[in-house]
Amino acid sequence: MCGIVGSVSQTEVNQRIYDSLLLLQHRGQDSTGIATMDGSVFHMHKSKGQVREAYRTRNMRALKGTIGIGHVRYATKGAADREEEAQPFYVNAPYGIIFVHNGNLINTRELERELFTIDKRHTNTSSDTEMLLNVFASELNLESKHKNLQPENIFSAVTNVHQRVKGSYAVLALIAGHGLLAFRDPYGIRPLVIGKRTHSSNQSEWMIASESLVLENNDFEIFRDVLPGEAIFISSDGQLLSKQCSERSILCPCSFEYVYLARPDSVMNGISVYEARLRMGDLLAETIKKHINSGDIDVVMPIPDSSRPAAMQVARQLSIEYREGFFKNRYIGRTFIMPGQSQRKRSVRQKLNAMGTEFKNKNVLIVDDSIVRGTTSMEIVEMARAAGANKVTFTSAAPPVRYPHVYGINMPTRKELIAYDRTIPQIAKELSIDEMVYQEVEDLTNAIIDKSNVSKLDLCCFTGQYITGGVTEEYLNWLETESSS
């Protein structure tokens, strides 16, 4: 999971990109980078760490230009602590291209061989983003050789990328002297939203970002989503062209974006994240009624922040008092995207505090958005009991996470997942929970899709069904070996 943003403007874009990355900080805290284009000249700054610490006044002043892209990263491929792995990435041929990417490729072994033996290109990091950039650069070179670069050459290169690459990818790229390119994988797994506004000169200005809140915060109207398999090219003077570059495109967005990753005030693929989470709570309440005696519960409590909408609806549907018993330290990063298990466990206690008066002698129903490794859940249950809870019932607004997510979320090995190869009673025992209820897969699907135009979701971490194909037992074993090395 990463956050990306790009803008084509009539004025300097450095501050706009910076402000947008602050809004996307929840999508990655390992590193960040901004690149701008001034005519055909690139300016770039990238660094480890979060946005507020990464940029100084001198860095911002050097980022000149009216077109730019930005990135925040948390590592799913490549090392988290190497500045060389930070995005954007750059290649000087053809034309000069700067590139940011949100997602994960699953055929990197094949691509690595092809780049070396066929494309004669070298990658200097273990990042699949650098690999994707070099595949695109190679294809663009073939399509535009001995020609003046035209949008059709760019779209043909993207078509060839779709044929060579498997996995999830939402991409923004600067092509020196020409403009901004955006494209999305044929399944639209990772989000990408376009915003538009009219400058005082009556020329169009554009923003493209991972989440709609970025556009709205910058006073852009939501224009539409980049379609799965589509490429969008915006010239330096603000002309937008688009083309469907895949014959097999079908919208199948990642369900975990709506469960946990995205901010609740975003709309992606025409679906409000906040409203989807409210519906998750409504449907979870119905499942709770089937499995436990809700009359024994005194209060419903969320784990702040992303489970709050679901918890409010659970309390409402069960006619049980809603209370806030856990309080969050806003200065600690999201524990799910901490880079190591020991750091995740340590940060839970730093991040959350249980208020004793809300727990003492009460039977509490705790609602979380999801349970992945179980580290956070185990610590939370211990905190609730230490604060005086009489009985702890734990519920998840998402189904059991039983399988690795290979499309850009850091849950790569089966042995890390608390629900892998365990029944729900076994999970409850492992986490020392009195009673436990998970959302049903069908209910999660209905909660997200509801009345939208989306007909299918990526549910791979819940079902083990990988929509792109290519995820075999051999691949998962290789991935686990790579993750442990």
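Filtering Asp30, Asp38 for residues that are at pLDDT below 95 and either surrounded by fewer than 21 Cβ atoms within 10 Å (Cβ to Cβ) or in contact with a strand residue (DSSP E or B) (Cβ under 6 Å, 6 or more places away or on another chain) (or both) leaves a single hit, Asp30.
You will find that of Met280, Met301, the residue that is touching a Lys or Arg at 6+ places or on another chain (Cβ under 7 Å), in contact (Cβ under 8 Å) with a residue 40 or more places away in the chain and closer than 13 Å to Thr395 by Cα is Met301 and no other. The single condition from (1) surrounded by 16 or more Cβ atoms within 10 Å (Cβ to Cβ); (2) assigned to a loop (DSSP other than H, G, I, E, B) that Ile380 fails is (2). Given the structure, is Asn153 in the same structural domain as Thr66 (by TED's automatic domain parsing), surrounded by 17 or more Cβ atoms within 10 Å (Cβ to Cβ) and closer than 16 Å to Glu110 by Cα? No; evaluated as a whole, the condition is false for this residue. Of all residues in the range 153-181, those satisfying the criterion of being more than 24 Å from the chain's Cα centre (by Cα) and assigned to a strand (DSSP E or B) are Ile175, Gly179. Residues that are surrounded by fewer than 21 Cβ atoms within 10 Å (Cβ to Cβ) and touching a Gly at 6+ places or on another chain (Cβ under 9 Å) are absent from the range 258-278 altogether.
Does Thr129 satisfy being surrounded by fewer than 20 Cβ atoms within 10 Å (Cβ to Cβ) and under 15 Å from Val91 (Cβ atoms)? Taking the combined requirement at face value, the residue does not satisfy it.
For every residue, the table says whether it meets (1) over 23 Å from Ser210 (Cβ atoms); (2) in contact with a His (Cβ under 7 Å, 6 or more places away or on another chain); (3) surrounded by fewer than 16 Cβ atoms within 10 Å (Cβ to Cβ).
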| position | (1), (2), (3) |
| --- | --- |
| Ala54 | no, no, no |
| Gly65 | no, yes, no |
| Arg73 | no, no, no |
| His101 | no, no, no |
| Thr108 | no, no, no |
| Leu111 | yes, no, no |
| Phe116 | yes, no, yes |
| His122 | yes, no, yes |
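Just one of the numbered conditions (1) surrounded by fewer than 20 Cβ atoms within 10 Å (Cβ to Cβ); (2) in contact with a Gly (Cβ under 7 Å, 6 or more places away or on another chain) is not true of Asn141: (2).
Total residues in the range 229-257 satisfying the condition of being of a type outside the set (A, V, I, L, M, F, W, C), surrounded by fewer than 23 Cβ atoms within 10 Å (Cβ to Cβ) and part of a loop (DSSP other than H, G, I, E, B): the figure is 8. Return a yes/no flag: does the range 319-342 have any residue that is modelled with pLDDT of 90 or more, among the basic types (Lys, Arg) and surrounded by fewer than 20 Cβ atoms within 10 Å (Cβ to Cβ). Within the range 319-342, one or more residues are modelled with pLDDT of 90 or more, among the basic types (Lys, Arg) and surrounded by fewer than 20 Cβ atoms within 10 Å (Cβ to Cβ). All conditions in (1) farther than 24 Å from Gln15 by Cα; (2) touching a residue at least 24 places away in the same chain (Cβ under 8 Å); (3) not assigned by TED's automatic domain parsing to the domain that holds Gly39 hold for Lys290, with the sole exception of (2). Looking only at the range 209-241, residues that are farther than 18 Å from Ile154 by Cα and among the hydrophobic types (A, V, I, L, M, F, W, C) come to 7 in all. Apart from one condition, Lys429 fits all of (1) modelled with pLDDT of 95 or more; (2) basic (Lys, Arg); (3) more than 21 Å from the chain's Cα centre (by Cα); (4) in a loop (DSSP other than H, G, I, E, B); the exception is (4).
Asn453 falls short on exactly one of the conditions (1) over 29 Å from Ile189 (Cα atoms); (2) out of contact with any helix residue (DSSP H, G or I) (no Cβ under 8 Å at 6 or more places or on another chain); (3) polar (S, T, N, Q), and that condition is (1).
Do we have Leu133 as free of Cβ contacts under 8 Å to residues at least 60 places away in the same chain, of a type outside the set (Asp, Glu), on the phi < 0 side of the Ramachandran plot and in the same structural domain as Val226 (by TED's automatic domain parsing) here? Here the answer is yes, as Leu133 does meet what is asked. Checking each residue in the range 1-49 for being in a strand (DSSP E or B) and without any contact (Cβ under 8 Å) to a residue 24 or more places away in the chain picks out His43, His45.
The values are calculated or read from the model by the stated rules, or taken from the named source; none is laboratory data. Quick caveat, the model's predicted, so the values are computed rather than measured. Positions of Cβ are generated from backbone atoms using ideal geometry, with glycine treated the same way; all protein chains shown enter the neighbour counts.
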